[in-house]
Amino acid sequence: MSDAAPATHDPSSLPGTYRNRVFVGGSFQPVSREVLGVIEQAIRDTGFEPVLADRFALLQPDHDIHDVTLGLLHGCRLAVFDLTGLSGALMELERCRDYGLFRVLLLYHHPFGRTWPDDPGSWSTSAMVKSLVREDAGRFHVRPFVRPAGAATETRRFLRAVRSSSYGKLHSL
Amino acid sequence: MASYTVFDHGATRQGDARIILEQFRQQAAANAPEFASMSVEQYADALIEDAPYFVERELFSALEAQPFETKYDRALTYLAQMPSSGIRILTVRAA
């Protein structure tokens, strides 16, 4: 298990390109950060550039986290969130439409793999989030994962689908 | 062998950890094919292996240091501490 990621990137100079950066959101508490790390690696393996907020050095973290993180999100056209639990990621999720993200994958852990919305109680999140996703189903894609490796599998599948779409071909992803 | 009463999404299950885990494995297998080919022993191993990703770190460290009678008892306890499982151990009765 890894500890906190080193904050080596400058938020004023993002890696990758607008098209191939993939914002990764969720809870950055130590246990949830492990799953974000799995997603990060899957993005890299698929040839995209992961953007995780804790990889970026902040001058005054107590003041900067909100604004800089939303700035990072704005610099991406794709995103993957682990929405297993409630976290500050909900603020980012709200902004995905405003910032014109093309596709957003929302993952949640369920040990028995129950799938929302077929099983309405399987995804423990707010009705606000669920209604946002239902209303914008073309942008937001929701998938459960059972084991950590499942989060990687779903991420790779999502990005390959983006790559093979007309959008992916248009931008040579 | 300890006997458990487990809360499962509004219902309760009773039995030893191995029996309850086998029921959960079958439930998981319906949605996750990788569990269909697992034995209950392998399922318990998988839950123990995955727990550090889903159980709060300090709590996991404390649980990891506890002795359990069998790996099934450990796996069931870990599953019950995963917030997303909806499973909670209500009572444990020693053999």
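Values in this text are rule-based calculations from the coordinates and carry no lab data. Owing to the predicted nature of the structure, the values given are computational and were not obtained by experimental measurement. Every residue, glycine as well, gets a Cβ built from its backbone with ideal geometry; the counts of neighbours run over all protein chains shown.
Things worth noting here:
- Residues with amide H under 5 Å from that of A:VAL51, placed H, sequence gap 5 or more: A:VAL22, A:PHE23, A:VAL24
- Partner chain coverage, peptide A:21-30 - average Cβ within 10 angstrom: 1
- Here the protein assembly as shown is treated with +1 on each Lys and Arg Cβ and -1 on each Asp and Glu Cβ, and its dipole about the Cα centre works out to around 980 debye.
- Here's the picture: charge each Lys and Arg Cβ at +1 and each Asp and Glu Cβ at -1 in the protein assembly as shown, and of B:LEU90, B:ALA65, A:LEU159 the one pushed furthest to the positive end of that dipole is A:LEU159.
- Taking a point 7 Å from the Cα of A:ASP119 along the Cα-to-Cβ direction, the residues of the range B:13-43 with backbone N closer than 13 Å to it are B:24-33.
- Proximity of backbone amide H atoms, modeled 1.01 Å from N, is registered between A:VAL142 and A:LEU106 at under 5 Å, excluding neighbours fewer than 5 places apart on the same chain.
- Segment A:ARG134-A:ALA149, extension gain: residue separation times 0.36 nm, minus the distance between their alpha carbons: 2.8 nm
- If only the Cβ of Lys and Arg carry +1 and only the Cβ of Asp and Glu carry -1, the dipole of chain B around its Cα centre is close to 300 debye.
- In chain B, Cα pairs under 8 Å separated by at least six residues give a relative contact order of 41 percent.
- Across the range B:6-20, rounded Karplus estimates of 3J(HN,Hα) from the backbone phi angles (6.51 cos²θ - 1.76 cosθ + 1.60, θ = phi - 60°) give 10, 7, 9, 6, x, 10, 10, 10, 10, x, 7, 4, 5, 5, 5 Hz, Gly and Pro being marked x.
- Here the range A:29-167 is treated with +1 on each Lys and Arg Cβ and -1 on each Asp and Glu Cβ, and its dipole about the Cα centre works out to around 620 debye.
- Using C-alpha pairs under 8 Å with a sequence gap of at least 6, the mean separation divided by the residue count of chain A gives a relative contact order of 24 percent.
- Based on DSSP H segments of at least four residues, each scored -39500 (n - 2.57), chain A has a per-residue ellipticity at 222 nm of -12500 deg cm²/dmol.
- Here the Kirkwood formula, the inverse mean of 1/r across different C-alpha pairs, assigns the range A:68-159 a hydrodynamic radius of 13.4 Å.
- Low-density loop cleavage sites - GluC sites (Glu not before Pro) in the range B:49-84, where at most 13 other Cβ are within 10 Å (DSSP): B:GLU69
- In terms of surrounding Cβ atoms within a 10 Å radius of their Cβ, A:LEU83, A:LEU90, B:LEU79 rank from fewest to most as A:LEU90, A:LEU83, B:LEU79.
- Percentage relative contact order, the range A:4-90, counting C-alpha pairs under 8 Å, at least six apart: 46 percent
- Ordering A:GLU40, A:GLU94 by the number of other Cβ atoms within 10 Å of each residue's own Cβ, fewest first, gives A:GLU94, A:GLU40.
- In terms of its alpha-carbon gyration tensor, chain A comes out rounded; the largest-to-smallest axis ratio a/c stays below the 1.5 threshold.
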